[in-house]
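The values are calculated or read from the model by the stated rules, or taken from the named source; none is laboratory data. Being a predicted model, the structure only gives us computed values, none of them experimental. All Cβ positions, even for glycine, are placed from backbone atoms using ideal geometry, and neighbour counts span all protein chains on display. Heavy atoms of the whole protein, side chains included, go into the accessibility calculation; ligands, DNA and RNA do not. Shrake-Rupley method; radii C 1.70, N 1.55, O 1.52, S 1.80 Å.
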Amino acid sequence: MTLNRRHLLAAGLAAPALLKFGTGPARAATTLKLSHQFPGGSIDEGDFRDRMCRKFAAAIKERSKGAMEVQVYPGSSLMKTNAQFSAMRKGALDLSLYPSPYAGGEVPEMNIGLMPALVSSYAQALAWKDAPVGRKLTEILDSKGIVLVSWVWQAGGIASRERPLLTPDDAKGMKVRGGSREMDLMMKQAGAATLSLPSNESYAAMQTGACDAVLTSSTSLISFRLEEISKALTSGRERSYWFMLEPIMMSKIVFSGLPKDQQDLIMAVGAELESFGQEGAKADDTRVEEVFGKAGAKVVQLDEVNLGKWRDIARDTAWKDFANKNASCAELLKLAEKVG
(Lines give C-alpha, C1' and ligand atoms only; values in the text may rest on other atoms or scores of the structure.)
Protein backbone atom coordinates (compact mmCIF):
# COMPACT_ATOMS: atom_id res chain seq x y z
CA MET A 1 0.00 0.00 0.00
CA THR A 2 1.37 3.41 -0.87
CA LEU A 3 1.82 6.18 1.64
CA ASN A 4 -1.06 8.16 0.18
CA ARG A 5 -3.55 5.28 0.17
CA ARG A 6 -2.56 4.19 3.66
CA HIS A 7 -2.70 7.71 4.94
CA LEU A 8 -6.04 8.43 3.30
CA LEU A 9 -7.60 5.29 4.69
CA ALA A 10 -6.16 5.84 8.16
CA ALA A 11 -7.11 9.45 8.65
CA GLY A 12 -8.66 11.03 5.60
CA LEU A 13 -6.13 13.83 5.88
CA ALA A 14 -3.33 13.54 3.36
CA ALA A 15 -5.02 12.85 0.04
CA PRO A 16 -3.04 12.23 -3.13
CA ALA A 17 -3.15 14.88 -5.81
CA LEU A 18 -4.45 14.13 -9.29
CA LEU A 19 -2.53 11.45 -11.10
CA LYS A 20 -0.29 12.47 -13.95
CA PHE A 21 -1.52 10.95 -17.18
CA GLY A 22 0.75 9.80 -19.96
CA THR A 23 2.28 6.72 -21.50
CA GLY A 24 4.29 5.93 -18.37
CA PRO A 25 2.94 4.55 -15.08
CA ALA A 26 0.64 6.83 -13.09
CA ARG A 27 2.20 8.48 -10.06
CA ALA A 28 0.49 10.47 -7.35
CA ALA A 29 1.95 13.55 -5.72
CA THR A 30 2.32 13.44 -1.94
CA THR A 31 0.10 15.99 -0.20
CA LEU A 32 0.90 16.74 3.42
CA LYS A 33 -1.12 18.81 5.88
CA LEU A 34 0.51 21.21 8.34
CA SER A 35 -1.62 22.50 11.21
CA HIS A 36 -0.96 25.26 13.74
CA GLN A 37 -2.93 27.38 16.21
CA PHE A 38 -1.80 30.84 15.15
CA PRO A 39 -3.60 33.44 13.02
CA GLY A 40 -3.31 32.94 9.29
CA GLY A 41 -1.88 35.48 6.89
CA SER A 42 0.18 35.30 3.73
CA ILE A 43 3.73 34.29 2.91
CA ASP A 44 4.77 37.94 3.30
CA GLU A 45 2.44 39.32 5.99
CA GLY A 46 1.25 38.26 9.43
CA ASP A 47 2.43 36.06 12.31
CA PHE A 48 5.95 34.87 11.44
CA ARG A 49 5.07 31.32 12.50
CA ASP A 50 2.32 31.13 9.90
CA ARG A 51 4.65 32.73 7.35
CA MET A 52 7.35 30.19 8.21
CA CYS A 53 4.90 27.35 7.54
CA ARG A 54 3.91 28.91 4.21
CA LYS A 55 7.55 29.37 3.22
CA PHE A 56 8.15 25.74 4.13
CA ALA A 57 5.24 24.68 1.91
CA ALA A 58 6.38 26.84 -1.01
CA ALA A 59 9.96 25.54 -0.85
CA ILE A 60 8.86 21.91 -0.65
CA LYS A 61 6.61 22.26 -3.71
CA GLU A 62 9.20 24.15 -5.76
CA ARG A 63 12.18 21.98 -4.94
CA SER A 64 10.30 18.69 -5.32
CA LYS A 65 9.00 19.97 -8.69
CA GLY A 66 5.46 19.32 -7.53
CA ALA A 67 6.08 15.78 -6.28
CA MET A 68 5.23 17.02 -2.77
CA GLU A 69 2.77 19.64 -1.62
CA VAL A 70 2.14 20.98 1.88
CA GLN A 71 -1.22 22.50 2.76
CA VAL A 72 -1.14 24.93 5.72
CA TYR A 73 -4.08 25.12 8.14
CA PRO A 74 -3.76 28.10 10.54
CA GLY A 75 -5.90 28.98 13.53
CA SER A 76 -6.44 25.33 14.55
CA SER A 77 -8.81 25.12 11.58
CA LEU A 78 -7.92 21.49 10.84
CA MET A 79 -8.07 20.21 14.41
CA LYS A 80 -8.04 21.57 17.95
CA THR A 81 -4.72 22.78 19.30
CA ASN A 82 -4.23 20.20 22.02
CA ALA A 83 -5.12 17.29 19.72
CA GLN A 84 -2.33 17.92 17.22
CA PHE A 85 0.59 16.22 18.97
CA SER A 86 -1.31 12.99 19.61
CA ALA A 87 -2.60 13.02 16.03
CA MET A 88 0.97 13.25 14.68
CA ARG A 89 2.08 10.34 16.83
CA LYS A 90 -0.74 8.21 15.38
CA GLY A 91 -0.10 9.30 11.80
CA ALA A 92 -3.44 11.14 11.61
CA LEU A 93 -1.72 14.53 11.16
CA ASP A 94 1.37 15.06 9.05
CA LEU A 95 3.01 18.19 10.46
CA SER A 96 2.49 20.92 13.03
CA LEU A 97 4.30 23.99 14.28
CA TYR A 98 3.63 23.13 17.89
CA PRO A 99 4.53 24.60 21.31
CA SER A 100 6.63 21.91 22.98
CA PRO A 101 5.10 22.11 26.50
CA TYR A 102 1.62 21.44 25.09
CA ALA A 103 2.90 17.90 24.51
CA GLY A 104 4.08 17.45 28.10
CA GLY A 105 1.04 15.46 29.14
CA GLU A 106 2.00 12.67 26.71
CA VAL A 107 5.78 13.08 26.71
CA PRO A 108 6.93 14.71 30.00
CA GLU A 109 10.38 15.45 28.55
CA MET A 110 8.78 18.02 26.22
CA ASN A 111 8.24 20.37 29.15
CA ILE A 112 11.92 21.20 29.10
CA GLY A 113 11.04 23.36 26.08
CA LEU A 114 9.50 25.91 28.46
CA MET A 115 11.45 25.48 31.67
CA PRO A 116 11.47 28.79 33.57
CA ALA A 117 14.85 30.55 33.66
CA LEU A 118 16.68 27.52 32.23
CA VAL A 119 17.23 29.36 28.95
CA SER A 120 17.72 33.11 29.23
CA SER A 121 19.10 34.12 25.81
CA TYR A 122 18.71 33.25 22.13
CA ALA A 123 22.39 32.31 21.92
CA GLN A 124 21.90 29.74 24.64
CA ALA A 125 18.68 28.46 23.05
CA LEU A 126 20.19 28.11 19.58
CA ALA A 127 23.09 26.09 20.98
CA TRP A 128 20.70 23.32 22.07
CA LYS A 129 20.15 21.73 18.65
CA ASP A 130 23.71 20.47 18.18
CA ALA A 131 24.49 20.03 21.88
CA PRO A 132 23.95 16.75 23.78
CA VAL A 133 20.65 18.09 25.18
CA GLY A 134 19.29 18.64 21.67
CA ARG A 135 20.42 15.24 20.46
CA LYS A 136 18.84 13.59 23.50
CA LEU A 137 15.54 15.41 23.01
CA THR A 138 15.51 14.46 19.32
CA GLU A 139 16.07 10.81 20.24
CA ILE A 140 13.27 10.86 22.80
CA LEU A 141 10.82 12.36 20.33
CA ASP A 142 11.83 9.88 17.65
CA SER A 143 11.05 7.05 20.04
CA LYS A 144 7.61 8.60 20.63
CA GLY A 145 6.77 8.89 16.94
CA ILE A 146 7.79 12.50 16.27
CA VAL A 147 10.46 13.92 13.95
CA LEU A 148 11.86 17.38 14.78
CA VAL A 149 12.01 19.20 11.45
CA SER A 150 12.77 22.82 12.31
CA TRP A 151 13.95 24.28 15.63
CA VAL A 152 12.48 27.63 16.64
CA TRP A 153 12.83 29.38 20.00
CA GLN A 154 10.86 32.40 21.17
CA ALA A 155 11.34 34.75 24.09
CA GLY A 156 8.23 35.80 25.92
CA GLY A 157 6.80 38.53 28.06
CA ILE A 158 3.81 39.21 30.28
CA ALA A 159 0.65 41.13 29.45
CA SER A 160 -1.21 42.32 32.56
CA ARG A 161 -4.73 43.67 32.93
CA GLU A 162 -3.71 46.12 35.64
CA ARG A 163 -0.25 46.22 37.27
CA PRO A 164 3.03 44.91 35.85
CA LEU A 165 4.19 41.44 36.86
CA LEU A 166 7.90 42.07 37.24
CA THR A 167 9.15 40.69 40.55
CA PRO A 168 8.11 37.53 42.42
CA ASP A 169 6.36 39.75 44.97
CA ASP A 170 4.18 41.17 42.17
CA ALA A 171 2.70 37.71 41.52
CA LYS A 172 0.95 37.50 44.88
CA GLY A 173 -2.80 37.35 44.43
CA MET A 174 -2.70 37.40 40.61
CA LYS A 175 -4.36 34.84 38.34
CA VAL A 176 -1.66 33.94 35.83
CA ARG A 177 -1.45 31.90 32.61
CA GLY A 178 2.12 30.58 32.55
CA GLY A 179 2.10 28.30 29.51
CA SER A 180 3.50 25.13 31.07
CA ARG A 181 3.27 23.05 34.23
CA GLU A 182 6.76 24.17 35.19
CA MET A 183 6.01 27.86 34.70
CA ASP A 184 2.89 27.40 36.82
CA LEU A 185 4.88 25.76 39.63
CA MET A 186 7.18 28.77 39.77
CA MET A 187 4.26 31.20 39.73
CA LYS A 188 2.40 29.32 42.47
CA GLN A 189 5.47 29.43 44.68
CA ALA A 190 5.56 33.19 44.15
CA GLY A 191 1.95 33.42 45.36
CA ALA A 192 -0.07 33.43 42.12
CA ALA A 193 -3.06 31.33 41.17
CA THR A 194 -2.59 29.67 37.78
CA LEU A 195 -4.73 28.48 34.90
CA SER A 196 -3.86 26.27 31.96
CA LEU A 197 -5.03 27.19 28.47
CA PRO A 198 -3.59 27.53 24.95
CA SER A 199 -2.34 31.00 24.07
CA ASN A 200 -5.10 31.43 21.48
CA GLU A 201 -7.62 31.43 24.36
CA SER A 202 -5.77 34.11 26.35
CA TYR A 203 -7.74 37.10 25.09
CA ALA A 204 -11.08 35.71 26.26
CA ALA A 205 -9.62 34.74 29.65
CA MET A 206 -8.26 38.24 30.23
CA GLN A 207 -11.36 39.92 28.87
CA THR A 208 -13.64 38.08 31.31
CA GLY A 209 -11.32 38.59 34.26
CA ALA A 210 -10.58 34.88 34.62
CA CYS A 211 -6.92 35.79 34.12
CA ASP A 212 -4.95 38.83 35.33
CA ALA A 213 -1.70 38.20 33.46
CA VAL A 214 -0.63 36.11 30.48
CA LEU A 215 2.89 34.82 29.89
CA THR A 216 3.42 33.98 26.24
CA SER A 217 5.74 34.67 23.33
CA SER A 218 6.17 38.20 22.04
CA THR A 219 4.60 37.09 18.77
CA SER A 220 1.49 35.71 20.46
CA LEU A 221 1.14 38.85 22.58
CA ILE A 222 0.85 40.72 19.27
CA SER A 223 -1.11 38.19 17.21
CA PHE A 224 -3.78 37.67 19.85
CA ARG A 225 -4.15 41.46 20.36
CA LEU A 226 -3.60 41.39 24.12
CA GLU A 227 -2.61 45.07 24.07
CA GLU A 228 -6.34 45.82 23.72
CA ILE A 229 -7.05 44.58 27.25
CA SER A 230 -3.71 45.22 29.01
CA LYS A 231 -2.36 48.12 31.01
CA ALA A 232 1.17 46.73 31.39
CA LEU A 233 3.77 44.71 29.52
CA THR A 234 6.83 43.02 30.98
CA SER A 235 8.99 42.80 27.88
CA GLY A 236 11.23 39.86 27.03
CA ARG A 237 13.48 41.88 24.72
CA GLU A 238 16.42 42.48 27.06
CA ARG A 239 16.13 39.32 29.17
CA SER A 240 13.47 36.79 30.04
CA TYR A 241 12.85 33.65 32.06
CA TRP A 242 10.27 32.60 29.43
CA PHE A 243 11.93 30.97 26.40
CA MET A 244 9.94 28.37 24.52
CA LEU A 245 10.88 25.77 21.93
CA GLU A 246 8.18 25.87 19.24
CA PRO A 247 9.39 23.67 16.39
CA ILE A 248 7.89 22.29 13.22
CA MET A 249 7.30 18.63 14.02
CA MET A 250 6.31 15.73 11.78
CA SER A 251 4.66 12.38 12.27
CA LYS A 252 7.34 9.67 12.17
CA ILE A 253 4.79 7.26 10.66
CA VAL A 254 4.27 9.62 7.73
CA PHE A 255 7.94 10.62 7.47
CA SER A 256 9.09 7.00 7.40
CA GLY A 257 6.68 6.25 4.56
CA LEU A 258 8.29 8.81 2.27
CA PRO A 259 11.13 8.03 -0.13
CA LYS A 260 14.60 9.04 1.07
CA ASP A 261 14.90 12.04 -1.28
CA GLN A 262 11.65 13.50 0.08
CA GLN A 263 12.73 12.91 3.67
CA ASP A 264 16.02 14.68 2.96
CA LEU A 265 14.22 17.61 1.34
CA ILE A 266 11.88 18.08 4.31
CA MET A 267 14.79 18.12 6.77
CA ALA A 268 16.89 20.43 4.58
CA VAL A 269 14.11 23.00 4.15
CA GLY A 270 13.31 22.81 7.86
CA ALA A 271 16.91 23.55 8.81
CA GLU A 272 17.19 26.40 6.29
CA LEU A 273 14.10 28.12 7.72
CA GLU A 274 15.41 28.19 11.29
CA SER A 275 17.20 31.50 10.72
CA PHE A 276 13.95 33.02 9.42
CA GLY A 277 12.18 31.81 12.55
CA GLN A 278 14.75 33.26 14.90
CA GLU A 279 14.84 36.60 13.09
CA GLY A 280 11.05 36.75 13.28
CA ALA A 281 11.04 36.00 16.99
CA LYS A 282 13.66 38.64 17.77
CA ALA A 283 11.91 41.26 15.64
CA ASP A 284 8.69 40.69 17.57
CA ASP A 285 10.50 41.16 20.89
CA THR A 286 10.99 44.77 19.78
CA ARG A 287 7.68 45.19 17.98
CA VAL A 288 5.62 44.05 20.97
CA GLU A 289 6.94 47.01 22.97
CA GLU A 290 5.88 49.37 20.19
CA VAL A 291 2.40 47.79 19.93
CA PHE A 292 1.72 47.88 23.67
CA GLY A 293 3.27 51.33 24.11
CA LYS A 294 1.10 52.75 21.33
CA ALA A 295 -1.97 51.26 23.03
CA GLY A 296 -1.05 53.10 26.25
CA ALA A 297 0.35 50.20 28.27
CA LYS A 298 3.25 50.67 30.67
CA VAL A 299 6.30 48.78 29.34
CA VAL A 300 8.87 47.46 31.84
CA GLN A 301 12.08 45.40 31.53
CA LEU A 302 13.35 42.56 33.69
CA ASP A 303 16.76 43.26 35.25
CA GLU A 304 19.42 40.73 36.27
CA VAL A 305 18.51 40.94 39.97
CA ASN A 306 14.87 40.01 39.42
CA LEU A 307 15.79 37.39 36.80
CA GLY A 308 17.97 35.80 39.48
CA LYS A 309 15.09 35.82 41.97
CA TRP A 310 12.84 34.03 39.49
CA ARG A 311 15.61 31.53 38.68
CA ASP A 312 16.06 30.70 42.37
CA ILE A 313 12.33 29.95 42.69
CA ALA A 314 12.34 27.95 39.46
CA ARG A 315 15.30 25.83 40.51
CA ASP A 316 13.62 24.88 43.80
CA THR A 317 10.22 24.13 42.24
CA ALA A 318 9.96 23.53 38.49
CA TRP A 319 13.45 22.18 37.87
CA LYS A 320 13.25 19.82 40.84
CA ASP A 321 9.77 18.60 39.88
CA PHE A 322 10.86 17.96 36.28
CA ALA A 323 14.00 16.07 37.27
CA ASN A 324 11.95 13.81 39.55
CA LYS A 325 9.58 12.71 36.75
CA ASN A 326 11.86 10.08 35.25
CA ALA A 327 15.51 9.34 34.48
CA SER A 328 15.45 10.90 31.00
CA CYS A 329 13.97 14.15 32.36
CA ALA A 330 16.74 14.28 34.95
CA GLU A 331 19.35 13.65 32.24
CA LEU A 332 17.87 16.31 29.95
CA LEU A 333 17.97 18.91 32.71
CA LYS A 334 21.62 18.17 33.51
CA LEU A 335 22.54 18.40 29.83
CA ALA A 336 20.63 21.66 29.44
CA GLU A 337 22.38 23.25 32.41
CA LYS A 338 25.70 22.63 30.66
CA VAL A 339 24.70 24.85 27.71
CA GLY A 340 25.93 28.32 28.64
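Surface exposure of the chain, expressed per residue as accessible area with a 1.4 Å probe, stands at 41 Å². Under the shape rule built on the C-alpha gyration tensor, where the axes satisfy a ≥ b ≥ c, region 28-67 is oblate, since a/c reaches at least 1.5 while a/b does not exceed b/c.
Couplings 3J(HN,Hα) of region 114-131, computed from phi: 8, 8, x, 6, 6, 10, 10, 7, 5, 4, 5, 4, 5, 6, 4, 3, 9, 8 Hz, in residue order, whole Hz [Karplus 6.51 cos²θ - 1.76 cosθ + 1.60, θ = phi - 60°; x for Gly and Pro].
Largest GNM mean-square fluctuation among PHE255, PHE85, PHE243, using the chain with Cα springs under 10 Å: PHE255. The GNM of the chain, with springs linking C-alpha atoms under 10 angstrom apart, assigns the highest mean-square fluctuation among LYS309, LYS55, LYS90 to LYS309. Compactness of region 111-259 is given as radius of gyration and Dmax, 16.7, 55 Å, from Cα positions. Amide hydrogen proximity for THR31: with H placed 1.01 Å from N in the peptide plane, the residues at 5 or more positions away or on another chain lying under 5 Å are ALA17, GLU69. Amide H contacts of THR194 (H built 1.01 Å from N, in plane; Pro and chain starts excluded): VAL176 sit under 5 Å, all sequence-distant by 5 or more or on other chains.
Distance from the Cα centroid of region 141-198 to that of region 258-322 is 12 Å (rounded to whole angstrom). Close amide H contacts of THR216 (hydrogens built in the peptide plane, cut-off under 5 Å, sequence separation of 5 or more or a different chain): GLY157, ALA159. Available extension along the chain between LEU307 and GLU139 is 57.3 nm, counting 0.36 nm per residue and deducting the alpha carbon span.
Could you work out Rg/(2.2 N^0.38 Å) for region 219-302, with Rg from alpha carbons only?
Normalised Rg, Cα atoms only: 1.50.
Surface composition of region 204-291: carbon and sulfur make up 52 percent of the accessible area, probe 1.4 Å.
Taking a ≥ b ≥ c as the square roots of the eigenvalues of the Cα gyration tensor, region 39-90 is classed as oblate, since a/c reaches at least 1.5 and a/b does not exceed b/c.
Taking P(r) over Cα pairs in 10 Å bins from 0, in percent as calculated from this structure, the corresponding entry among (1) 6, 26, 33, 22, 9, 3, 1, 0; (2) 4, 14, 18, 18, 15, 12, 10, 6, 2, 0, 0; (3) 6, 27, 37, 25, 5, 0 is (1).
Longest exposed-loop-site-free stretch of the chain, with GluC sites (Glu not before Pro), DSSP loop and at most 15 other Cβ within 10 Å?
Between the exposed loop sites, the longest stretch runs 239-340.
Once all protein chains are placed together, MET267 keeps about 70 Å² accessible to a 1.4 angstrom probe. All other residues whose Cβ lies under 11 angstrom from that of ASN306 are scored, Lys and Arg at +1 and Asp and Glu at -1, for a net of -2.
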